[in-house]
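Beneath this line is the structure, given in structure tokens, with notes to follow.
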Amino acid sequence: MFADLPVSCLLVNAQGKILAANILLQEHLNVSEKRMLGKHLSIFISPENEVSRLLERALNAETISSDAFYTVAGHRPYTLYASQQADGNISVVLIAEGNRLEAEMQSRRHEVAEAVSRIALERAHEIKNPLAALRGATQLLSEQVNDDALEIVEHMLGDVDRIKERVDGFLQVGPRANIQMHPVNIHKLIDDVVKEVGDIKIQRVFDPSIPHLICHERRFRQAIENLWSNAIEAGSDLIVWETRIEHGVTLPEHKGAVLSIKITSNGAEIPEHIRDKMFEPYVTAKARGNGLGLSIVQQVVQEHGGKVVVNSELMRTSFTLYLPLKTEQK
């Protein structure tokens, strides 16, 4: 059970010597359990005096948490949680600072998206009924006018349809409950979306062993289409799609394999001033566009119990979708 815990953790004795370390901990520290066994925790986590203080308090039956730690190799910041077990040993859980900040950012994105989408939903629903009536009346008019006026009426119908498409876009931002999911071949779905465009070079690095993903196919296709369009509009001439099974990634309320779907492009990097809010509805750096594309991507991924991570630098921007890989729908 210790080895399967979805967080990085280890077990030390009363003297602070390591008795066991799970796989996630080994991956985080890049050290095998065999090399850790019998060594003091402070060999891998600093500062040494804070480690000793943490263990001492845990031995006094306190449950301790502190964000004052970092790895000896690489100086990566960590928050440690320590508590004494019934047998006298101490369990220590390590949470990477980056993971904590990422979780806080994901929470903030979700809260902002929910607040804005509620407003959008209210306005969109108010518009849909009179819009449907307007389209019906325009269609009726098209059947009664002469040829000279028909072109004008058809233009009106086109404008009404464009407004309807925009309203539907607003509705897609809102939260959805009980969406129907079924097994989908994610590689086939990506191939269906990704078509040759001009001189853009496309690479696929797919893991053929990945089973079907339990998802809502139409919604998930929309997320893939939005990421694909985003990469093209950034002026990329090389776009790489990758899929793999992740072993060092955890998702809330999921224990088991995690699938990553990553798109990397060499187009324009994301402007610094919008990176913290790029997943919020109606935020965009484009001269044209409604700023809903990435917001919809995040909403879809959240519907499926996953998360989105973005990295952007000069000539390299990547979006990675992390999703729970389930063998059957629950």
Handout entry: For the range 182-324: relative contact order, % (alpha-carbon pairs under 8 angstrom, 6 or more apart)
Key = 24
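Full extension from GLU62 to GLU217: what is 0.36 nm times the residue separation minus their Cα-Cα distance, to one decimal in nm?
Working: separation 155, 0.36 × 155 = 55.80 nm, distance 4.84 nm.
So the extension gain works out to 51.0 nm.
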Problem - Simple label model, 7 Å out from Cα along Cβ direction - GLN144 to ASN13, nm - result: 9.4
Completion exercise
the range 221-285 -> Rg/Rh from Cα coords, Kirkwood Rh, value 1.02
Handout entry: Equivalent ellipsoid semi-axes, the range 182-324, via Cα gyration tensor eigenvalues times 5, rooted, Å
Key = 23, 18, 14
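Normalized C-alpha radius of gyration of the range 176-262, against 2.2 N^0.38 Å? Don't jump to the answer; show the numbers that get you there.
Values: Rg = 14.2 Å, N = 87, 2.2 N^0.38 = 12.0 Å.
Taking the Cα Rg and dividing by 2.2 N^0.38 Å, one obtains 1.18.
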Practice task
May I have the convex hull volume per residue, in Å³, for the Cα set of the range 30-86?
Solution key: 87
Exercise for the section: Would you compute the Debye intensity of the range 2-96 from its alpha-carbon atoms alone, equal scatterers and no solvent, and pass along log10 I(q)/I(0) at q = 0.17, 0.26 Å⁻¹ to two decimals? Expected result: -0.63, -1.67
Problem - Simple label model, 7 Å out from Cα along Cβ direction - HIS75 to GLU269, nm - result: 2.2
Practice task
Return the distance in nm (one decimal) between the two label points of a simple spin-label model at LEU157 and LEU131, each offset 7 Å from Cα along Cα→Cβ.
Solution key: 1.8
Problem - Euclidean distance between Cα centres, the range 149-164 to the range 207-279, Å - result: 36
Problem - Segment LEU238-SER318, extension gain: residue separation times 0.36 nm, minus the distance between their alpha carbons - result: 27.6 nm
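Report the gain in length on full extension from LYS255 to LEU37: 0.36 nm times residue separation, minus Cα-Cα distance, nm rounded to one decimal.
Details: separation 218, 0.36 × 218 = 78.48 nm, distance 2.59 nm.
Full extension from LYS255 to LEU37 adds 75.9 nm.
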Exercise for the section: Let me have the relative contact order for the range 2-96, percent, based on Cα pairs under 8 Å that are six or more residues apart. Expected result: 28
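Rule-based calculations on the coordinates, nothing more; no lab input. All of these numbers come straight from a predicted model, not from anything done at the bench. Glycine also receives a Cβ, built like all others from the backbone with ideal geometry; neighbour counts cover every protein chain displayed.
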